[in-house]
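Remarks on the structure that follows.
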Amino acid sequence: MTTVDDHKPAGFEDNDQHPVGHGRMLRKEDPRFVRGRGNYVDDVQLPGMLHLAILRAPVAHARLVSIDTTAAEAHPKVKAVVTGATLEGLKLAWMPTLSNDVQAVLVTDKVRFQGQEVAFVVAEDRYSARDALELIEVEYDILDPVVDVRRALEEGAPVIRDDIEGKTDNHCFDWETGDAAATEAVFATADVVVEQDLVYPRVHPAPMETCGAVADFDPVEGRLTLWSTTQAPHAHRTLYAIVAGLPEHKIRVISPDLGGGFGNKVPIYPGYVCAVVGSIVTGKPVKWMEDRSENLVSTGFARDYVMRGEIAATRDGRILGIRTHVLADHGAFNGTAAPVKYPAGFFGVFTGSYDLEAAYCHMTAVYTNKAPGGVAYACSFRITEAVYLVERIVDCLAAELAMDPVELRLKNFIKPEQFPYTTKTGWVYDSGNYEPTMREAMRLAGYEQLRREQAEKRARGELMGIGVSFFTEAVGAGPRKHMDILGLGMADSCELRVHPTGKAVVRLSVQSQGQGHETTFAQIVGEELGIPPADVDVVHGDTDNTPFGLGTYGSRSTPVSGAAAALVARKVRDKARIVASGMLEVSADDLIWDKGSFHVAGDPSAAVTIQDIAMRAHGAGDLPEGYEGALEAQITYNPPNLTYPHGAYICVVDVDPGTAQVKVRRFVAVDDCGTRINPMIIEGQVHGGLTDGVGMALMEIIAFDEDGNCLGGSLMDYLLPTAMEVPDWETGFTVTPSPHHPIGAKGVGESATVGSPPAIVNAVVDALAPFGVRHADMPLTPSRVWDAMRGQARPPI
Amino acid sequence: MQVSMTVNGEEVTREIEGRLLLVHFLRDVLGLTGTHWGCDTSNCGTCVVWVDEKPVKSCTMLAAMAGGHEVRTVEGLAQNGELDPVQRGFMECHGLQCGFCTPGMMMTARALLNENPDPSPDEIREAISGQICRCTGYATIVRSVRWAAAYEADRAEAPAATTTGGAP
């Protein structure tokens, strides 16, 4: 089986004819998508289905004085109008967030961010529901908003969360990691200390499909079926049981095809709960699909970290320590979706890929009058912010020392023989071999040649920049003794059945949002069982038909559920060995596995295939003593550690000196995600993340004006990259398997989103070096680059 | 009001509200859910269909305006059960992931190839520049369209040759 990344020239091969296992294979899900036969939530049509629309607050901070729904209720097509007061009566006005905070489903006391849910209408069609929203009259008593994160803790700042008993400020939490005293000692004696303020602005994952749900409550059976845009159907079902008081076995959550997720579809949003309530009160199925503005202003944002980075080193470029203080804007409710013991996600890996003597981080998180959320947009639980911090500050150090940024990194990498490596903040990196990955990126980019080209261009006054980043990711949450979400351990289960004819069905607890699970997991099982992936059906996204698990985010599907799939297939193989021993009348120990069949040691002609075995296991003939029949198994996989992929990225930009427009001319990405199951799918994951990186580095920001109005509420204001802004990606790979994953695989879904922004910013700063620029914050729009060129670089917030 | 149009070769007549958008007419009235809706501002292009063989954003056109015209959607891209080379190219070159933007991208790509059978990568990027994909990073979409162009060029040179695989 080849694992090359080349894409084939014209010609048409059916890759499903590959006998078994890993390698490039066309996706099993694509035939329905290219025919327009995907099945997304908004495609669900049920008899008698009604439509729900949500009235949202026009202001950021206001006391609710009154709501008059009389006119809306009189609309001939309206079936129900529900306000916060209605929900209070049902004890559903507030719901828990994934971070043990609470969030209002509908406003009862006070609006806390612009776009917050105030009331909803259920009507016969989409348009009438919207019409009726216009008929609801709301009176607000407008309050001063808290918009500037730096002023949220000032004396006298308006208190946003007065719903929390005794709350007198906007403090959300403090968190620290590392050793403050040891780090101070290293900094006190270092030759060189460099400091830099960095802002990672608020951005939004903006999947092409917005969030939505169809709720169908059967009052006779007391049974709720909920089609919803969720990356974690099982976790959602449990939370609905807790929130709504419905028995868990009477709730079925179906997550059909998802039009992208990127973390946006991890939380439970008020709209989902409204759809459920709407169905209960009307007795009909109810559909809610938010529009794009609702998606951008109210659902899970990402980032919003204001960071100070400090790095200490020797004069000859040995990095000794990193220290950072972070001010985190969590919005109006702490809706962060991260393991509960990790309020800052996995930001603790901010020491990056370097062997340091000491590190320390202190973080303060605050409430502001902005939408809640905080962990989304393919960020690997805040590793995006951590990698940006370390890779920018290392470049700042390189500039200070007048060292080549690649040379500085090579000098400080953790060495291969140091793995497993425990960082100064307590993370145990499972495996890594960084230098070959860095050198492969340099080879593909032609690094030395690029530097020569840059020198020539600089001499002519042209602005060319070369940016490097090197990241270590931590994915596959996680070991259940450390990691849970609202008490649910982050393990995943997998069930595999081999049918009598040797075809199989594998049922997963994770849910694809476009990652190609139907293909990758069929390949994992195919490789282990020796049957073609085409013979393996993958079932996911339906809590009635899949075993329990925590879902897909944080690049955890392959590290956790992929391990479960491999191990359940091995368990089935072990059972097949027992059946085969009966068929061949030898001891099970005398059988040799030959990828798809067992043969007797020393006699290859005495063999039975897995298909023969499957038929015997279900057949009428005798089975070995104690074997009850069938060929199936289920397991739950509790990962012993995270997996730690890494990668080296090199970006080449040209900056127009007349317009300050940045053009990403080339981007070389070399990723190491351990064992590669389907190189085509891996490459696709990397390409998508690199494009996210261009968006964040150059275009995207969810900003607010001083009144708390969201300035990024449409795709005309929140700019996403099109085909014109991105280059033809150049990818490569190295392979350092994970020592603890059953097939050595690590995650890759978020690597490029994590790794690319610092490479792009480093490239732009490098291009602007002739102007004396040492740093400029994202997004590097023409006007912001123009200011930087004139010595007036300013933070975006 | 009553509206009549041809959709994927079939004449349809329906009673509709005058304000009904073409995208909702196709999806909610005709059940052709391959055409998607992704923004309010005609930026995303997941709703692209053809009206008289030209790509249009069906979220910014009233169904009534399509009256008397020929509309084609992704469901009408395959002919006689055989996938269009553009559809095959997207599968071959991993030009899709979540599949949400894919129908609109393919409709634009097919229209481009009808006008320009051998587009350069830059011409392909320009053609799809009014549409957004959050998954693929566009490079594989460009390859997919190039694949379809090369496939059609091969087929034009050797019309008797049979394909080596067939539609999956």
Exercise for the section: Can you tell me the equivalent ellipsoid semi-axes for segment A:491-637? Use √(5λ) from the Cα gyration tensor, largest first, whole Å. Expected result: 30, 14, 12
Exercise for the section: Two decimals is fine: what is log10 I(q)/I(0) at q = 0.13, 0.20, 0.23, 0.24 Å⁻¹ for segment B:2-76, from a Debye sum with one equal scatterer on every Cα and no solvent? Expected result: -0.30, -0.74, -1.01, -1.11
Completion exercise
Rounded to the nearest Å, the spacing of the alpha-carbon centers of segment A:322-387 and segment A:240-275 is 25 Å
Handout entry: Mean shadow area of segment B:85-157 over all directions, Cα convex hull, nm²
Key = 4.1 nm²
Completion exercise
One checks the Cα atoms of chain B and finds Rg and Dmax, in Å, of 16.2, 50
Exercise for the section: Starting from the amide H of A:ASP125, placed 1.01 Å from N in the peptide plane, find each other amide H under 5 Å away whose residue is 5 or more places distant or on another chain. Expected result: A:HIS51
Handout entry: For segment A:86-179, the spread of Cα positions along each principal axis, largest first, Å
Key = 60, 27, 25
Exercise for the section: Using only the Cα atoms of segment A:551-675, construct the convex hull and provide its projected area averaged over every direction, in square nanometres to one decimal. Expected result: 13.2 nm²
Problem - Rel. contact order, % - alpha carbon contacts under 8 angstrom, at least six apart, segment B:67-168 - result: 36 percent
Exercise for the section: Go through segment A:232-319 and name the trypsin sites (Lys or Arg not before Pro) that are in a DSSP coil and have 14 or fewer other Cβ atoms within 10 Å of their Cβ. Expected result: A:ARG315
Completion exercise
Around A:CYS211 (Cβ within 13 Å, Cβ-to-Cβ, excluding A:CYS211; K/R +1, D/E -1) the net charge comes to -3
Practice task
Could you tell me which of the pairs A:LYS91/A:LYS341; A:LYS265/A:LYS287; A:LYS28/A:LYS287; A:LYS110/A:LYS250 are separated by over 23 angstrom between their Cα atoms in the structure shown?
Solution key: A:LYS91/A:LYS341; A:LYS28/A:LYS287; A:LYS110/A:LYS250
Exercise for the section: Quick one: what are the phi-derived ³J(HN,Hα) couplings along segment A:147-164, Karplus 6.51/-1.76/1.60 with θ = phi - 60°, whole Hz, x for glycine and proline? Expected result: 10, 7, 4, 6, 10, 5, 9, 5, 4, x, 5, x, 8, 6, 9, 6, 6, 8
Practice task
Could you check the simple spin-label distance between A:ALA703 and A:ASP169, using points 7 Å along Cα→Cβ, in nm with one decimal?
Solution key: 2.9 nm
Fill in the blank from the handout: Rounded to the nearest 5, the percent of antiparallel DSSP beta bridges in segment A:301-394 equals 45 percent
Handout entry: Set of segment A:397-418 residues, backbone N closer than 13 Å to the point 7 Å along the Cα-Cβ line of A:ARG451
Key = A:399, A:402-411
Completion exercise
Taking alpha-carbon centroids only, segment A:605-632 lies from segment A:409-445 a number of Å equal to 47 Å
Handout entry: Cβ-based net charge around A:ASP197, under 10 Å, with every Lys or Arg adding one and every Asp or Glu removing one
Key = -1
Exercise for the section: With θ set to phi - 60°, apply the Karplus curve 6.51 cos²θ - 1.76 cosθ + 1.60 along segment A:554-565 and write out the HN-Hα couplings as whole Hz, x wherever there is a Gly or Pro. Expected result: x, 6, 9, 4, 5, x, 9, 5, x, 5, 4, 5
Handout entry: log10 of Debye I(q)/I(0), alpha-carbon scatterers only, for segment A:662-732 at 0.14, 0.15, 0.25, 0.29 Å⁻¹
Key = -0.56, -0.62, -1.10, -1.30
Exercise for the section: Kindly provide the helix-only [θ] at 222 nm of chain A, computed as the sum of -39,500 (n - 2.57) over DSSP H runs of four or more divided by all residues, to the nearest 500 deg cm²/dmol? Expected result: -8000 deg cm²/dmol
Exercise for the section: Mind pulling the per residue volume of the convex hull built on the Cα atoms of the protein assembly as shown? Å³ is fine. Expected result: 186 Å³
Practice task
Give me the compactness ratio for segment A:407-497, meaning the Cα radius of gyration over 2.2 N^0.38 Å.
Solution key: 1.68
Exercise for the section: State the Cα centre-to-centre distance between segment A:460-512 and segment A:116-156 in whole Å. Expected result: 36 Å
Fill in the blank from the handout: Rounded to the nearest 5, the percent of DSSP beta bridges in segment A:491-637 running antiparallel is 85 percent
Completion exercise
Normalised Cα Rg of segment A:692-767, dividing by 2.2 N^0.38 Å with N its residue count, works out at 1.52
Completion exercise
Taking Cα pairs closer than 8 Å and at least 6 residues apart, the relative contact order of chain A in percent is 16 percent
Problem - Low-density loop positions, GluC sites (Glu not before Pro), segment A:77-153 - DSSP coil, at most 14 other Cβ in 10 Å - result: A:GLU134
Handout entry: For A:ARG556, distant residues with modelled amide H under 5 Å away
Key = A:GLY476
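Read the figures in this text as sums done on the coordinates, not as results from a lab. This one's a predicted model, so the numbers in the text were calculated from it and none came from an experiment. So basically every Cβ, Gly included, is an ideal-geometry build from the backbone, and we count neighbours across all protein chains shown.
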